[in-house]
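This report refers to the structure that appears directly beneath it.
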Amino acid sequence: MISDLWESYLGLEPASIKTFVAIGAVSSFVLFIQMLFLLFLGGDIDFDLGEVGEGGGTGIFSIRSIGSFFTGFGWTGAMLLAKGYSLGVATTGATVMGSLILAGFLAMMRWMHGFKSDGTIDYTNAIGNIGNVYVPIQPRRKGMGQIQVEVQGRLAVVTAITNHHEKIENRTAVRVKELIDSRTLLVEPLELEVPEEENLSSEETDLSPQETE
């Protein structure tokens, strides 16, 4: 299968299509690898390449944002050339599409990260709230993950750690226990909480043989 794809790539005409396809394919592969790390390993291999941006892989010069631009740029340019447009038109169209995808990516990431820690939000208000794991959390404070939780009436994505002995997987319900620093929450799986009624029932069951005696 790989050899067939390689032969198809070598057979592309004009030769400039190969450049666009290569750019789109490499960029797509980088984004795919980052997604795998994010979803299954609980880590993030993105970082900012410059001072512009918010940091944490959401700035305009992060690997992820650059990858999103060149993914749109490469595939759009190849498509326009394949339809018979000139190299100049294809390059212009690819640049416009890449810029639109980049703008959409940055807007989405800023929305997902919610408020900045700039004094407009107090994360102690999240204590006691229930959230969902967005990025898997490593056990026993060995690594940080992220959760989506309501804070001051708005859903925010916040860094989180846990004392739990097992990794907390994506989409697991958790309860916020305390604030570790200005923007890091300590959470525990909601399933560990036993309703008070069950505790009372268990105690009554344990005491019943003694009462019978």
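In what sequence, highest mean first, do 161-171, 64-74, 136-146 appear when ranked by Cβ atoms within 10 angstrom?
Values: 161-171: 15.7, 64-74: 22.5, 136-146: 17.8.
Final packing ranking: 64-74, 136-146, 161-171.
If you take every residue apart from Lys142 with its C-beta less than 12 Å away from the C-beta of Lys142, what net charge results, scoring Lys and Arg +1 and Asp and Glu -1?
Numbers: positive: Arg140, Arg141, Lys167; negative: Glu166.
Net charge around Lys142: +2.
Taking neighbour counts of Cβ atoms within 10 Å as a proxy for exposure, in what order, fewest first, do Tyr85, Tyr134, Tyr123 appear?
Exposure proxy ranking, most exposed first: Tyr85, Tyr134, Tyr123.
Taking K and R as +1 and D and E as -1, what net charge do the other residues with C-beta under 14 Å from the C-beta of Arg175 add up to? Mind dumping the intermediate values first?
Details: positive: Lys177; negative: Glu150, Glu178, Glu188, Glu191, Glu193.
Summing Lys/Arg as +1 and Asp/Glu as -1 gives -4.
Working from the pairwise distances between different alpha carbons, so that the mean of 1/r is found and then inverted, what is the range 123-192's Kirkwood radius in Å?
Result for the range 123-192 stands at 11.3 Å.
Rule-based calculations on the coordinates, nothing more; no lab input. Because the structure is predicted, anything quoted here is derived from the model rather than measured. Every residue, glycine among them, receives a Cβ derived from its backbone with ideal geometry; neighbour counts consider all protein chains shown.
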